[in-house]
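**Q** Please read through the structure below; I'll follow up with questions.
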Amino acid sequence: MIGAIVTSGGAEFVEGVILGAVNSLKSPVILLGGPTGDSAALVFQQYGFDARFYAPEIGRASAFKMLRSIFSKGIEAVLVETLVAARRAGLLDEIWEEIRTTLCTGDIEGTLQTWIRSHARSAQRRCHEMQEVSDFLQEIGIEAVLPQASGQVFARSFQLGVSDAFPQEPASFREVIEYLQKQQSNHAKT
């Protein structure tokens, strides 16, 4: 680890990650971690950077960035694959409007939580639906990368017993996430 090399020489090590786009118009957010990350953030701020202390432990800021990337890059990939297929099917404007409406109006947090809560009951059905979507994309000449990967996520959840664990939709999305995390951990140990 780089931090161990730096600190073995008597220096302080500060972990830093950049969130968002780097461009000349606006400073990206910089998350800093480590025992002296808070004082490093103050130095960066004096020079006009949007630096924030994240955690005293080395590694948490990097883990945050990587996990955030699953979502942000995943959404980008979903949009690209969906819109290329929509254009091929002659439905680009209609699909774009549906995406925009879903994300820009109403209670997006409530929508996201509903998707996760309903994942427990619907994982198997959604797996089958993604297979149908994959077949359709192949018919129109589009490689179905994300529907196949999504289908695998739904299949894994079903195989881990999420539907049996939640015969009724749970009150909180966290229940589903906690169950799946525990089951995946237990499954990895066997």
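The values are calculated or read from the model by the stated rules, or taken from the named source; none is laboratory data. Since the structure is predicted, the reported quantities are computational estimates derived from the model, not experimental observations. Neighbour counts are summed over all protein chains in view; Cβ atoms, including those assigned to glycine, are modelled from backbone coordinates with ideal geometry. Accessible surface is based on the protein model in full, side chains and every heavy atom, while ligands, DNA and RNA are left aside. Shrake-Rupley method; radii C 1.70, N 1.55, O 1.52, S 1.80 Å.
**Q** Given the criterion under 21 Å from the mean Cα position of the chain (by Cα), modelled with pLDDT of 95 or more and surrounded by 10 or more Cβ atoms within 10 Å (Cβ to Cβ), identify the matching residue among Ala61, Ala85.
**A** Ala61
**Q** For region 129-150: of the residues being within 18 Å of Ile75 (Cβ to Cβ) and not hydrophobic (A, V, I, L, M, F, W, C), which is surrounded by the fewest Cβ atoms within 10 Å (Cβ to Cβ)?
**A** Residue satisfying both the conditions and the ranking: Gln148.
**Q** Among the listed residues Val6, Val43, Val22, identify the single one that is outside any strand (DSSP E or B) and under 26 Å from the mean Cα position of the chain (by Cα).
**A** Val22 is the lone residue from the list that is outside any strand (DSSP E or B) and under 26 Å from the mean Cα position of the chain (by Cα).
**Q** Suppose we keep only residues that are more than 25 Å from Ser163 (Cβ to Cβ) and of a type outside the set (A, V, I, L, M, F, W, C) within region 103-123. Which one would you say is most open to solvent (accessible area, probe 1.4 Å)?
**A** The selected residue is Asp107.
**Q** Kindly indicate which of Arg126, Arg100 is of a type outside the set (A, V, I, L, M), surrounded by 15 or more Cβ atoms within 10 Å (Cβ to Cβ), within 21 Å of the chain's Cα centre (by Cα) and closer than 23 Å to Glu76 by Cβ.
**A** Step by step, each of Arg126, Arg100 is checked, and only Arg126 is of a type outside the set (A, V, I, L, M), surrounded by 15 or more Cβ atoms within 10 Å (Cβ to Cβ), within 21 Å of the chain's Cα centre (by Cα) and closer than 23 Å to Glu76 by Cβ.
**Q** Test Lys73 against the criterion of being charged (D, E, K, R), open to solvent by 80 Å² or more (accessible area, probe 1.4 Å) and part of a helix (DSSP H, G or I), and give yes or no.
**A** yes
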